[in-house]
Amino acid sequence: MDPRSDLGKHPVSAVLAGPYGHPFHPILVTVPIGAWVAGLVFDVASHVVASPTFLTAGSTWLIGIGIAGAVAAALVGFLDLLAIPSGTVAFRTGLVHMGLNLGVTAAYAVGFFWRRQIDLAGPVPIGPLLLSVAGLAVLGLSGSLGGRLAYRYGVRVVDEATQASGFTAPADAGSAQRASRAQ
Amino acid sequence: MAVAALVAWVVTALGGFVMLARWISHGGLRQQHVGPTRFPAGLVFGHFGLAAAGLVLWIAYLLADIDQLAWAAFVVLLPVALLGFAMFARWTGARRRGAVGVAAGGTGAAAGAEPAEQALPVPVVVAHGVFAVTTVVLVLLAALSA
């Protein structure tokens, strides 16, 4: 095992970033992704239904929930970035992933305060709606970099010997796991 | 006032990120059990985690405009400040001892076993402290006027 890639697998703080093999960042990012995707659905739906007030107001709430969730995810994600040795491809990928996500969060913050000025009785105007579309597009790009960090470079993923223990018969799994730990 | 507090908070956090990155890259975590660092990981990450939770509360207060959130953020900041003072005291103590070591003819071998917190840039430490105090004051004023 290359010790450099092994470094990116261990948390700098198990309490804050999640224990080895169970990082918290991937579950925290579901909050902004879910809230912002639902927010865009509300935006589009506000142009379809007869009385869109609840959708226009609800979309602003969803964006706010997403921002708070994104900040929480960012703080934990930053700890995982620090687990990666600097000067590596994985670290640079992490920096781009972080930069894009911070940009998206800032764009949603602008969108949130923009929406406070709009008339809640009508549908979401095209300007803030397009800002949300752009935000989600960049989020998708940035998310794919996050996927590359986890699934290609194995950041915060357990070593392969431990992974292999999941592919033994259930009765053998315990002993296989103990054996991989003992290595 | 509330937005000024957010700006001060984020600037403080940026300084904290820089210091955390340097502390870890200079072996702060590896030095936990046998090394010379005087920063226990629990102290460092307790400070980080509570400050992060407070920042999320403050952003939630800015978005939702619920006064109780402002006070909750202020209450969370108090232990953050205490832990920060604890680290600052340990950092200044280590620096004084480091200076004494150099004056007494510290060798290269001694320099290799330096506590990770010796790598923290002095201007960043000072700016972090100044902005942190500013943040606490602004958060209190914003909460009082909420």
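For the protein assembly as shown, a crude dipole built from +1 on the beta carbon of Lys and Arg and -1 on the beta carbon of Asp and Glu, taken about the Cα centre, is about 780 debye to the nearest 20.
Counting only alpha carbon atoms, the long axis of helix B:2-25 and the longest principal axis of chain B meet at about 20°.
Take the Cα of residue A:161, step 7 Å toward its Cβ, do the same at residue B:3, and the gap between the two points is 5.6 nm.
Here the stretch A:3-182 is assigned +1 on the Cβ of each Lys and Arg and -1 on the Cβ of each Asp and Glu. Its dipole about the Cα centre then comes out at about 280 debye. If you wrap the tightest convex hull around every Cα atom of the stretch A:3-182 and split its volume per residue, you get 131 Å³. Averaging the sequence gap over all C-alpha pairs within less than 8 Å and six or more residues apart, then dividing by the number of residues, gives chain A a relative contact order of 28 percent. With Cβ to Cβ distances under 14 Å as the rule, what net charge do the other residues near residue B:94 carry (K, R +1; D, E -1)? Overall, the nearby charge balance is +3. Averaged over the residues of peptide A:9-17, the number of Cβ atoms from other protein chains lying within 10 Å of each residue's Cβ is 4.
Helices in chain A that qualify as membrane-span-like (whole DSSP H runs, Cα extent of at least 24 Å along the helix axis, mean Kyte-Doolittle hydropathy of 0.5 or higher) are A:53-83, A:89-115, A:126-147. Here the extension length gained between residue A:54 and residue A:92 equals 9.5 nm, from 0.36 nm per residue of separation less the Cα-Cα distance. In order along the stretch A:118-125, the Karplus-derived 3J(HN,Hα) couplings, from 6.51 cos²θ - 1.76 cosθ + 1.60 at θ = phi - 60°, round to 8, 7, 6, 6, x, x, 5, x Hz, and Gly and Pro are given as x. Taking only alpha carbon atoms, chain B gives an Rg to Rh ratio of 1.07, where Rh is the Kirkwood radius. The calculated FRET efficiency for residue A:148 paired with residue B:127, based on their beta-carbon distance and R0 = 41 Å, is about 0.75. Just name one of A:65, A:97, B:61: the one whose Cα is farthest towards the positive end of the charge dipole of the protein assembly as shown (beta-carbon charges, Lys/Arg +1, Asp/Glu -1). Comparing the listed Cα positions along the dipole, A:97 ranks first. The angle separating the long axis of helix B:67-103 from the principal Cα axis of greatest extent in chain B is about 20 degrees. Could you tell me which residue out of B:28, B:18, A:129 lies farthest along the dipole of the protein assembly as shown toward its positive end? Charges go on the beta carbon: Lys and Arg +1, Asp and Glu -1, centred on the Cα centre. Checked the options; the winner is B:28. With the convex hull drawn over the C-alpha atoms of the protein assembly as shown, the volume per residue is 165 Å³. Relative contact order of chain B: 48 percent, from C-alpha pairs under 8 Å at least 6 residues apart in sequence. Around the amide H of residue B:37, modelled in the peptide plane, lie the amide H atoms of B:116, all under 5 Å away and 5 or more residues distant in sequence or on another chain.
Per-residue mean of foreign Cβ neighbours for A:130-142 is 0 (Cβ atoms of other chains, 10 Å radius).
Can you tell me the 0 to 90 degree angle between the C-alpha axis of helix B:122-144 and the longest principal axis of chain B, rounded to 10? Computed tilt is about 20 degrees.
Subtracting the Cα-Cα distance of residue B:30 and residue B:146 from 0.36 nm times their residue separation leaves 37.3 nm of extension gain.
A short reminder: the numbers here are calculations on the coordinates, not readings from a lab. Remember, it's a predicted structure, so these values are computed and weren't measured experimentally. Cβ coordinates were reconstructed from backbone atoms using ideal geometry, including for glycine residues, and neighbour counts include every protein chain displayed.
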